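No value in this document is a laboratory result; all are computed from the given coordinates. Owing to the predicted nature of the structure, the values given are computational and were not obtained by experimental measurement. Don't worry about glycine lacking a Cβ; one is built from the backbone with ideal geometry, like all the others, and counts go over all protein chains shown.
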Amino acid sequence: MIWGSLEAFLAMGGYGVYVWGSMGACFVMVFVELIMVRRRHNRILRRLTQELSANQGRE
Amino acid sequence: MSGSVIHWFRFSSPATFYPLAGRLIPIFWTLAALFGAAGLWIGFFVAPTDATQGEGYRIIFVHVPVSWMSMFIYLVMATWAGIGLVFNTRLSSMMAQSLAPTGALMAFLSLWTGAFWGKPMWGTWWVWDARLTSELILLFLYLGFMALQASIDDPRRADKASAILALVGVVNVPIIYFSVIWWNTLHQGASVSLTKAPSMAQTMLWGMLLMSLCYWMYSIAMALTRLRAIILEREAHTEWVTRLPELAEVRR
Amino acid sequence: MISVMAASLHRDLLLVMRRKSEVFTALFFFVIVASLFPLGIGPDPGLLRKIAPGVIWVSALLATLLGLQRILASDYADGTLEQMALSPASLSAMVAGKILAHWLVCGLPLVVLAPVIGLQFDLGASAIGLLVLTLLLGTPTLSMIGAVGASLTLGARGGGALLSLLVLPLYIPVLIFGAGAVNAHLAGLGAEGHLSLLAALFIFAAVFAPWVAAVSIRISLE
């Protein structure tokens, strides 16, 4: 373990803002992208179910 | 022994690839998580402090992987788009379409992490060095690809037009990169450069490699997930879509 | 093939002559944009001399961008382009003729007017001469690259803004070498390297652009 304490880990030798700003952006964007793609998938599934039930109602 | 022959072309239709992708996606997420955990462990708990840059250099553990991925994805995207153009296969073009947003995101993260690395090291948020400037132009190329696709209504025409754009882009990326290096060395000399990485300890290299593999697996997982949504959107009125298990409740 | 190109060139020039105002629009745009920079930055002659090559080049780039859609849009709208694509004559040659017409109308006037703008920015005579040479080499390349972009965006929504987004990244090498040549000359270094690269881009575009544009036109016509 090269870090003396949690504080040292978070501080990153004074570069904390930059290191965690970068890592944070990358993690956040992973989740953002995942959520957006999931929503896109659900949207098309919802649209398909609507169309299918509308067609069935017509039969 | 025809039973042991894998008919790869069987998976080149959207109908057969959709379920296959669904099974592959969890595998890639798992790989991404494993590589990521290993890479972050090495990057933050094993790799030593750098002599010149202190702890700030640890940004390279994300900056370099996303930069590599942004360029790699563009190449893969252009390849799939080209295949779709030449062989007239819908699925190849859909694959290119699903890769573009992920690639654009990688380019954006490369710029963001590059800025966050440049600020403590060189004092400014933005540095007009060859790598960052080329990355910015690459982001524009991605956005142009996505914009062109979005602006043409007929999907097959959009596929082909954006394929040409992607191929023109691929040819131009080396030209642009070279011209930016030329421009950079004439105006600034080599004093300011993010390409001058700190002299790498073995562990640093391992961390970078593992994180690159992590982002590679992540990109594949994300592109396949988006591809499934795209397949559904574009194949909405086909027989096999109406028979999807996800829509089973409606059919009853 | 040359006769096809000449015929296409002749036709486009004839069409433009009937609407001469379009020629001057691009020209005025060039002058106005170049004049905006001193207004935005300040009239210090030393500073203006330094930024002149870049400013004039960027203004030329934007002025070229303005006229790009005109190469193909009206022919696309009234069905002439489709007839061209269906004819047995080479579509690439016809596109080459159109590109040349565009350059004669949009690019060449910029080259002719550049010395005047150069004087506005207090550039020396040798620098102005070099600037004219780079524009002479570079503006045809801009027309050629722009034609590829115009052919890809035929019938697409988004119009001029989309075309700019597609084409400007591809323009960047031309800009770097063109303005860079004059900057290098002003700094006392030679401009030969820049000029050769500019010439290389020109040749590369001349060989591939009409063909790629023709392929893109066929795709857009599907």
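Mind checking the mean number of beta-carbon atoms from other chains within 10 Å of the Cβ atoms in B:49-58?
Averaged over the peptide's residues, the number is 4.
For chain B, what is the relative contact order in percent, using Cα pairs closer than 8 Å and at least 6 residues apart in sequence?
35 percent
Taking a ≥ b ≥ c as the square roots of the eigenvalues of the Cα gyration tensor of segment B:1-147, is the shape rounded (a/c under 1.5), prolate (a/b larger than b/c) or oblate?
It comes out oblate by the Cα gyration axes.
How many nm is it between the label spots at C:Lys20 and B:Leu75, if each spot is 7 Å from the Cα in line with the beta carbon?
5.5 nm
Have a look at B:Leu213, B:Gln202, B:Pro26 and report the one farthest towards the positive end of the charge dipole of chain B, computed about the Cα centre with Cβ charges (Lys/Arg +1, Asp/Glu -1).
Farthest towards the positive end: B:Pro26.
Using the basic label-point model (7 angstrom from Cα toward the beta carbon), what is the B:Trp126 to C:Ala199 distance in nanometres?
Going from the B:Trp126 label point to the C:Ala199 one covers 3.5 nm.
What is the distance in Å between the Cα centroid of segment B:69-115 and that of segment C:175-191?
35 Å
Label-point separation (nm) for A:Asn42 and C:Arg11, each offset 7 Å from Cα along Cα-to-Cβ?
Placing both labels 7 Å beyond Cα along the Cβ direction yields 5.5 nm.
Quick check: the angle from helix A:16-58's long axis to the longest principal axis of chain A, C-alpha only, nearest 10 degrees?
10 degrees
So how strong a dipole does the protein assembly as shown carry about its Cα centre when Lys and Arg Cβ are +1 and Asp and Glu Cβ are -1, to the nearest 20 debye?
940 debye
Looking only at other chains, what is the average number of their beta-carbon atoms within 10 angstrom of each beta-carbon in C:170-177?
6
Quick one: which of C:206-215, A:40-49 comes out on top by average Cβ neighbours within 10 Å, and what's the full order, highest first?
C:206-215, A:40-49
If we count every other residue with Cβ under 14 angstrom of B:Tyr177's Cβ, Lys/Arg +1 and Asp/Glu -1, where does the sum land?
Neighbourhood net charge equals -1.
List, in order, the whole-Hz ³J(HN,Hα) value for each residue of segment C:151-165 obtained from phi through the Karplus relation with A = 6.51, B = -1.76, C = 1.60 and θ = phi - 60°; use x for Gly and Pro.
6, 6, 9, 4, x, 8, 6, x, x, x, 5, 4, 4, 4, 4
Please tell me the relative contact order of chain C in percent, rounded to the nearest whole number, where contacts are Cα pairs under 8 Å and at least six residues apart.
27 percent
Which semi-axis lengths, in whole Å and largest first, follow from the square roots of five times the eigenvalues of the Cα gyration tensor of chain A?
Over the Cα atoms of chain A, the ellipsoid semi-axes are 50, 10, 5 Å.
Order these peptides, C:169-179, C:49-59, by their mean beta-carbon neighbour count within 10 angstrom, highest first.
My ranking of the peptides, most packed first, is C:169-179, C:49-59.
Using only atoms on other chains, find how many Cβ atoms lie within 10 Å of each Cβ of peptide C:67-74 and report the average.
0
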